[in-house]
Amino acid sequence: MEDVRIGVFVCDCGSNIAGFLDVPKVVEYAKTLPHVVFAKENLYSCSETGITEIKYSIKEHALTRVVVASCTPRTHEPTFRLACEEAGVNPFYFEMVNIREQCSWVHMQNREEATNKAKDLVRIGVAKASLLDAQEFIVVDVNRKALVIGGGIAGLTAAIALSRRGFEVVLVEKEKELGGRLNDLNRLYPYGVKASELIGGKIKEATSSPLIEIHTSSVIKSVLGYVGNYEVDIETGGQDVHVSCGIIIVATGASVLEPKGLYNYNGRNIITQVELERRLQKGKIKADSIVVVQCVGARTEERNYCSRTCCMTAIKNASLLKEKMPDTKVFVLYQDMQCYGVEGEALFRKAKEMGVIFINYDSGNPPVVGEKSVKVYHRLMGREMEIGYDLVVLSTPMIPREDTDALSRLLRVPRDENGFFLEAHVKLRPLDFATDGIYMCGSAHWPADTRESISQALGAVSRASIHLARGSIKVDPIVSTLADEDLCKGCGLCAALCPYGAIEIIDTPKGKKASMISVACKGCGVCGATCYHRAIKMNHFTNEQVGSQIAAVVGK
Amino acid sequence: MILDAFLCGVDGVLILGCKDGECHYVTGNMEAKNKIGMTSRLLKIIGIDQNRIYFGQLSSAEGTRFVELVENFTKRIKEIGALGTEIKEDKEELKFRLEAAKAAVEGEKLRWVIGKKTEFMGIGNKYGEMFTRHEMDRFLDGLIMDEVAVREIQLLLQERPLSVKQISERLKIPSNRVLRYIAGLRRKGVVDMERVDGTSPLYRQL
C-alpha cells in the first residue's frame, strides 16, 4: 500500500477561529494523529500566503493527503482542491474540517470545550483523509441553447443579452403579451422614462431577433436533466413543445398585493399605486387633496419584509401629480422613507421642494381612512391630524407569484421564508441557484425596481454565459459507481429508488446489471444505502470512509 | 452505519434532515425516515431502548429549533443511560445482538421492504393492495423479528454446531420457531446438519 502522508493546516481565520479556541493546541494534537506527518497554523489559509504555504508544504514534506481545518467547504473547498492539484496532489485527496461555523462561532463562551471539539473534528477529518481515493472530474458537453422563464423586463433583458452574445434562446411567458409589470406602469424613476417606451423597445428587439424563440400563454410542464443538458416540456396554447437547453434563467417576477379589507380599499377613490399608474397613463386625474399611505400590508406580522420599491414609487407619483396639478395637496404618510442611492435621495428632496407633505406615522398607530378624511397621528409633531381627501393611494408590497411553489418543485430549487426564490449565497452567488445551471433575476428573487431587474438580468446572463461559452462543464466525481460488477445481481432496487433516473438496468454478457449515468447523478447515496450486495460505491463517501469517521468520533 | 455507531459504543444517534418535501435530494429524507424508523424498531426488538435513535426534521434557517432538538436529545439519552443498561446480560450479549441486527438490516429482505415502503403505502403493491400504517408496522415488526432471529442463529452456528434445543434456550425463542428458521436456512443451503448427538441433530453454518 502507498505511503499515506497527511498534512493538517489549522486556520485562525483572523480572530474568527483563533479568538475563541486554542489553535496551537489543535495543531499539536493533530501531529499526534495516525499518518499525520506535518501540521501548521495559518493566519488565513485561503489567502495567497496560506495557499502558497500549503503548496510549499506539500512539496517539502511529500504530503499525499491534505486536511484544512477552517470554515465551511461551501466557500473554499474549491480553492483548496485547486491548491492541491497545482502542487501535484489529486484534488480529491483533500478533506475539509469546519471548525468555524460548526465550532468557534457557536462555542464562543467556552474556549476549552471549543478547543476539545475542534480536536475531535480534526481527528474525524484525518480518519477520513487517510482512506480517500483519487478521483477524476467528469466532463460533460453543454447544450448552447438557453431557456428564459418570464417575459417581463428582466426576462426580456436576459433573452436579448444572450442573443446578442450569439446564443439561441427560448423565452416562455405565461401571459398572452410580453412585458410583465411594466405594461401597467406610467413613468419610471429616476429619470421619468415612459415605461411603455422602454418595454416596447425591448419587446421589439426580442420579437425581431432570429435567435429568440418566443412562447406566450405558455407554462413549464416538466424539467429533467442537469446543467448543460436540460430537457424541458412546455405547454403552449394546448400544444406540447419540447426544448433541450443547457441553462435556465428564472425571471418570473412578482405580484403586487391587492389590499383587500385594508384602509377601506375600494378601487374607486381608494386605490393602489398600480391603479394610480394606470390612471396617470391615461392622464385623467382630478383631485384637490390626495393622501398616499405607505407600508400597506407590508412590514406586518404576516409579511414582515420591506418591499423596497414602494417609497420611490410614491415619491415619483407624488411629484408627477404635483407637476401636473400644482394646486393639489399631496400627503405621503410613511413609517421610514427608503430612498437609497444618489438619485433616490435627490428625488425625495425635490418632492419636498415641490410641496409634497411627508407625515411620519407609527406602525403601532396606523392612519385610519374614513369616508371623507384620513386621521393620522403625526409622530414628529406628536398630535393627531385629520386630512380631507378626494383620492387615497395605498402603496402595497410585491409578493411572490402564486405559481412560484409549483415552479420551485419543477426546478427543484428552494424558496425563502417569504416565498421568493432563494439564491445560492447572499454575497458570493447572488444570482445563482444552488443547483448548477439555473439562475435568477428580477423580482422573482426579491422586490426589485426596473433598474435593478435590468442589472440582475445582465448579471445572470453573464453567469450563464460561462457555461454556454465554454461548451463543456467539469462535474464533481462525487457520484455513485458500480464498484463491483460481479456483486450486482441486477435486482433493480437501486434504479427504482433513484430520484434522478440516473440508474439503468442493462443487459451485459454477465446478465442484468445496474449502470450509472454519472452526469445525472447528484450523489445523494440512496442507491448505495440500498444495495444489499454492496456492489455500489459512493465516491468520496464510501462505507469505509464514513465508517472510519464514526469510529473516530468515539476513539480518541 | 447507525448500528455501526452503536457497535462503536455511542449511546445515542441523532439524525437531522430537512422537512418533508424540502429535501435537496428530492425524496432522500423520506428514504432516510423509512430506514431510520425501521432501525429504531429493530433496536426495540433486540431489547434496546428505541429512543436512542431520533430523526429530527427542520430547515437550515431554524437555529433555535436545532438547539432545542439537540438539547432534548442529549437530555433524553442521559436519562436512558449508557448503552446496554437495558440489557441485563454482559457486553458480549449486547455486541452479539447488535451484530445480528446489523446483518438483518444489510440483508435483502429488509432493504426491499423498506425501499418499497413509500410505494406500498402510497400507490399499493403489484396487486393494487394498499397498506395502512398499522398493517405496515405490524408486518414490519414480524419481519424484523424473523430476520434478527435468523441472523442470531447464523452467528451462533458460526462458532460451533448446536441443536435446536440449545439454540432455543440460548436465544429464548420457542423451539418450533427455531426449527422453522433452521429449515429455511437449510433450504437456502446456508446451514446443514453436522451430526446427531444422542437423539438431537446438531446444525452448523456452511
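Just name the residue that is surrounded by the most Cβ atoms within 10 Å (Cβ to Cβ) out of those in segment A:275-307 that are among the β-branched types (V, I, T) and within 18 Å of A:S255 (Cα to Cα). Please lay out each step first, then the result.
So in segment A:275-307, the residues among the β-branched types (V, I, T) come out as A:285, A:290-293, A:296, A:300.
Subsequent filtering for residues that are within 18 Å of A:S255 (Cα to Cα) retains A:296, A:300.
On the way: A:V296: 24, A:T300: 14.
Only one residue fits best here, namely A:V296.
Among the residues of segment A:507-522, which ones are open to solvent by 50 Å² or more (accessible area, probe 1.4 Å), in contact (Cβ under 8 Å) with a residue 12 or more places away in the chain and more than 8 Å from every other protein chain (Cβ to nearest Cβ)?
Selection gives A:K510, A:K512, A:I517.
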Practice prompt. Can you confirm whether segment A:308-318 contains a residue that is assigned to a loop (DSSP other than H, G, I, E, B), under 14 Å from A:S395 (Cα atoms) and open to solvent by 10 Å² or more (accessible area, probe 1.4 Å)?
Written response: yes
Worksheet item: Right, A:G525: under 30 Å from A:D120 (Cβ atoms), within 13 Å of chain B (Cβ to nearest Cβ), touching a strand residue (DSSP E or B) at 6+ places or on another chain (Cβ under 7 Å) and open to solvent by less than 60 Å² (accessible area, probe 1.4 Å) or not?
Response: yes
Item to complete: Please go through segment B:169-183 and pick out each residue that is open to solvent by less than 20 Å² (accessible area, probe 1.4 Å) and in a helix (DSSP H, G or I).
Response: B:V178, B:Y181, B:I182
Worksheet, complete the sentence: A:R187 vs (1) basic (K, R); (2) at pLDDT 95 or above; (3) in contact with a helix residue (DSSP H, G or I) (Cβ under 9 Å, 6 or more places away or on another chain): all pass except (2)
Item to complete: Residue by residue through segment A:492-506, note down the ones that are among the hydrophobic types (A, V, I, L, M, F, W, C) and in contact (Cβ under 8 Å) with a residue 12 or more places away in the chain.
Response: A:L493, A:C494, A:A495, A:L497, A:C498, A:A502, A:I503, A:I505
Worksheet item: Taking segment A:237-254, which residues are of a type in the set (S, T, Y) and crowded, with 16+ Cβ neighbours inside 10 Å?
Response: A:T252
Discussion item. From the list B:L140, B:L162, B:L157, exactly one residue is out of contact with any helix residue (DSSP H, G or I) (no Cβ under 7 Å at 6 or more places or on another chain) and buried (at least 19 other Cβ atoms within 10 Å of the Cβ). Which is it?
Written reply: B:L157
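Restricting attention to segment A:528-556, and to residues there that are among the polar types (S, T, N, Q) and open to solvent by 30 Å² or more (accessible area, probe 1.4 Å), which single residue is nearest to A:Q135 (Cα to Cα)?
Per the criteria, the residue is A:N543.
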Worksheet, complete the sentence: If we take segment B:33-115, then helices (runs of 4 or more DSSP H) inside it with 2 or more residues that are on the phi > 0 side of the Ramachandran plot, surrounded by fewer than 14 Cβ atoms within 10 Å (Cβ to Cβ) and in the same structural domain as B:M145 (by TED's automatic domain parsing) are none
Worksheet item: Just wondering, is there one or more residues in segment B:157-168 that are at pLDDT 85 or above, in contact with a Leu (Cβ under 8 Å, 6 or more places away or on another chain) and not hydrophobic (A, V, I, L, M, F, W, C)?
Response: yes
Worksheet item: Looking at (1) in contact (Cβ under 8 Å) with a residue 24 or more places away in the chain; (2) in contact with a His (Cβ under 9 Å, 6 or more places away or on another chain), which is the one condition that is false for A:G225?
Response: (2)
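Residues checked against (1) in contact (Cβ under 8 Å) with a residue 60 or more places away in the chain; (2) buried (at least 16 other Cβ atoms within 10 Å of the Cβ); (3) more than 14 Å from chain B (Cβ to nearest Cβ); (4) at positive phi:
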{"position": "A:D362", "(1), (2), (3), (4)": "no, no, yes, no"}
{"position": "A:P367", "(1), (2), (3), (4)": "yes, yes, yes, no"}
{"position": "A:M381", "(1), (2), (3), (4)": "no, no, yes, no"}
{"position": "A:E386", "(1), (2), (3), (4)": "no, no, yes, no"}
{"position": "A:Y389", "(1), (2), (3), (4)": "yes, yes, yes, no"}
{"position": "A:R401", "(1), (2), (3), (4)": "yes, yes, yes, no"}
{"position": "A:A406", "(1), (2), (3), (4)": "no, no, no, no"}
Fill in: Failed criterion for A:E504 (all others in (1) away from chain B (no Cβ under 13 Å); (2) over 18 Å from A:L224 (Cα atoms) hold)
(2)
Fill in: Top-ranked residue of segment A:408-422 - restricted to ones that are in a loop (DSSP other than H, G, I, E, B) and modelled with pLDDT under 95, ranked as farthest from the other protein chains (Cβ to nearest Cβ)
A:G419
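The values are calculated or read from the model by the stated rules, or taken from the named source; none is laboratory data. None of these values were measured; they are calculated from a predicted model. All Cβ positions, even for glycine, are placed from backbone atoms using ideal geometry, and neighbour counts span all protein chains on display. Protein only, heavy atoms only, side chains kept; ligands, DNA and RNA dropped before computing areas. Shrake-Rupley method; radii C 1.70, N 1.55, O 1.52, S 1.80 Å.
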